[in-house]
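Right, one structure below, let's go through it.
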Amino acid sequence: MTEAPYTVTPEPLSPEAFALFGDVAERPIEQRRRYLPTSLDRADDAKTFSLWISNAATVGVLPLRLVTLERHPYSAQTFIPLGTGRYLVIVCKPDPDGHPDLATLRCFIAGAQQSVTFGRNVWHHPMTVLDHSMEFAVAMGMTGRQDDDVFVTIDAIVNIEYREAANPVEIASMTQQKDHLERDFVGYGRTPPNPKWPGAARIALNFCINYEEGSEPSFPDGDGFSETALTEGGAGGFEGRDLAAESMFEYGSRIGFWRILRMLSERGMTATVMGCALALERNDEACSAIREHGYDVCAHGWRWERHQLLNEADERERIRKTVESLARTIGERPLGWYCRYGPSINTRRLVVEEGGFLYDSDAYNDELPYWTRVAGRSHLVVPYGLTNNDAKFSRGAMATANDFFEYLRDAFDLLYAEGATAPKMMSVGLHTRIIGHPGRAAGLQRFLDHVAKHPSVWVCRRADIARHWHATHPATL
């Protein structure tokens with residue numbers, strides 16, 4: 001029998017919204033563990049706890065046609081996504097006879113960092129992912145009597161329809177995503193969305209430690225010239241190996257990196273390492289410290305090189321090589337990408353093609369994350385900034401530690417004040433061979449102490465921002 005079409009408004013998946021049907025838990029950020037209490041709901045005769053891997057296919061076309069719903073009378077059922085991407089959670093209440101009441105159908109959009117547990121006897125649709133096929137770990141109790149699953153066959157057309165919202169700018173920004181190469185001069189407009197930072201924070205503050213030393217062009221690596229950018233200025237004015245410039249880079253990995261880590265750890269603050277893969281391969285102790293401090297690594301390329309000058313095949317290989325290298329040296333793959341010198345017109349598409357990334361930061365055009373479309377998929381951009389950045393010392397825009405402190409303090413204070421009604425994020429770019437020198441590090445120290453005096457500040461990693469946005473502001477279809 002074919003039912004009349006049903007209209008379902010997709011909504012972000014959250015514990016509160018899903019409370020009638022089960023539990024939702026995000027992967028831990030500040031907390032070591034998060035629990036799904038409903039997952040323990042099992043009948044006495046569902047004694048065998050089973051865990052398996054299930055593969056979910058992507059939505060083919062819309063509107064989505066529901067064919068089967070299922071429920072589990074003896075145990076709750078938990079799904080834990082094992083990949084990246086979004087998936088649909090479709091549930092409904094039973095009617096008085098226990099059959100699915102399609103008039104109560106609800107559709108949630110979940111991010112890959114969210115796990116979901118369906119309570120016993122909750123009717124739900126099989127997992128359906130939106131971006132690309134994805135595996136789930138599935139757990140539930142089993143009776144061993146082959147009566148653990150109840151399926152019902154239906155034939156209903158479900159139309160996915162966006163809601164009218166109190167903030168039309170926010171909905172427009174999520175439902176009318178532009179292709180990533182299309183210029184956007186509007187963004188969120190005059191009414192940006194409330195990011196709903198954890199703890200109702202007024203500002204999300206992310207320190208980005210650019211770890212590049214050992215990846216720059218050099219004679220020992222066969223480049224035929226010595227890189228002098230963002231140094232005190234090498235010998236210059238001659239052709240040949242610039243030993244002065246090389247040693248200035250080495251200062252960053254030998255001294256500056258450790259000074260920054262000490263300052264942050266003394267104040268209990270975290271950071272993101274924007275790491276060039278080759279540079280980190282050359283310093284095992286730095287990699288160990290990154291792991292010990294719990295910093296995340298945003299891939300900063302294989303080396304210091306211009307992606308704009310790479311052909312597509314070479315750039316694809318560089319991205320693959322970078323991911324493999326960082327997974328080996330840091331112990332986990334990078335979740336973000338940020339190019340040195342800026343991206344090529346192919347970079348973002350190749351990052352999405354590689355898979356496994358929650359975001360990239362190859363943009364400077366906003367103070368909040370935003371979704372864009374890449375090869376038909378939704379992709380998150382967490383914009384970076386070159387304004388709150390110690391590179392200004394090398395470019396002559398700053399001279400003293402107080403210059404750096406006052407600039408960061410003024411930016412922070414304004415964003416903090418605005419954050420009472422419109423919270424934003426602030427990225428601070430640090431280079432170990434620049435800010436790591438004592439006469440400049442004093443300015444960073446003053447800024448850290450200034451931040452520490454303020455409540456409602458979320459000092460976080462870049463991956464934390466991306467996970468939060470996936471969970472709180474997931475991309476719609």
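Derivation of every value follows stated rules applied to the coordinates shown; laboratory data play no part. Because the structure is predicted, anything quoted here is derived from the model rather than measured. Note: ideal-geometry Cβ built from the backbone for every residue, glycine included; neighbour counts use all protein chains shown.
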Starting from 0 in steps of 5 Å, tell me what percent of the Cα-Cα pairs of region 6-160 lands in each bin.
2, 9, 18, 23, 22, 16, 7, 3, 0
In debye to the nearest 20, how big a dipole does region 350-408 give about its Cα centre with +1 on each Lys and Arg Cβ and -1 on each Asp and Glu Cβ?
120
Let a ≥ b ≥ c be the square roots of the eigenvalues of the Cα gyration tensor of region 281-331; is it rounded (a/c under 1.5), or, if not, prolate (a/b larger than b/c) or oblate?
prolate
Which one, Ser50, Phe18, Ala112, is farthest towards the positive end of the dipole of region 6-160 when Lys and Arg carry +1 and Asp and Glu -1 on their Cβ?
Ala112
Relative contact order of region 6-160: what whole-number percent is it, with Cα pairs under 8 angstrom and at least 6 residues apart?
40
Taking Cα pairs under 8 Å and at least six residues apart, what relative contact order does the chain come out at, in percent?
19
If packing is taken as the mean number of other Cβ atoms within 10 Å per residue, what is the order of 205-213, 415-423, highest first?
205-213, 415-423
Count the net charge of all other residues whose Cβ sits under 15 Å from the Cβ of Val122, scoring Lys and Arg as +1 and Asp and Glu as -1.
-2
Of all chymotrypsin sites (Phe, Trp or Tyr not before Pro) in region 312-409, which ones are in loop regions per DSSP and have a Cβ with at most 15 other Cβ atoms within 10 Å?
Tyr341, Tyr364
Exposure-ranked with fewest Cβ neighbours within 10 Å first, Lys424, Lys453, Lys321 stand as Lys453, Lys321, Lys424
Is it possible to state the helix-based mean residue ellipticity at 222 nm for the chain, with each DSSP H run of 4+ residues giving -39500 (n - 2.57), the sum divided by total residues, to the nearest 500 deg cm²/dmol? What is it?
-7500 deg cm²/dmol
Below 12 angstrom from the Cβ of Tyr211, what's the summed charge of the other residues (Lys, Arg +1; Asp, Glu -1)?
-1
Relative to the Cα centre, what is the charge dipole magnitude of the chain, using +1 at the beta carbon of each Lys and Arg, -1 at the beta carbon of each Asp and Glu, and rounding to the nearest 20 debye?
700
Send over the semi-axes of the chain's equivalent ellipsoid, whole angstrom and largest first, taken as the square roots of 5 times the C-alpha gyration tensor eigenvalues.
46, 23, 22
For region 391-444, shape from the Cα gyration tensor axes a ≥ b ≥ c, cut at a/c of 1.5 then a/b versus b/c, turns out prolate
Cα gyration tensor, region 342-477 - rounded (a/c under 1.5), prolate or oblate:
oblate
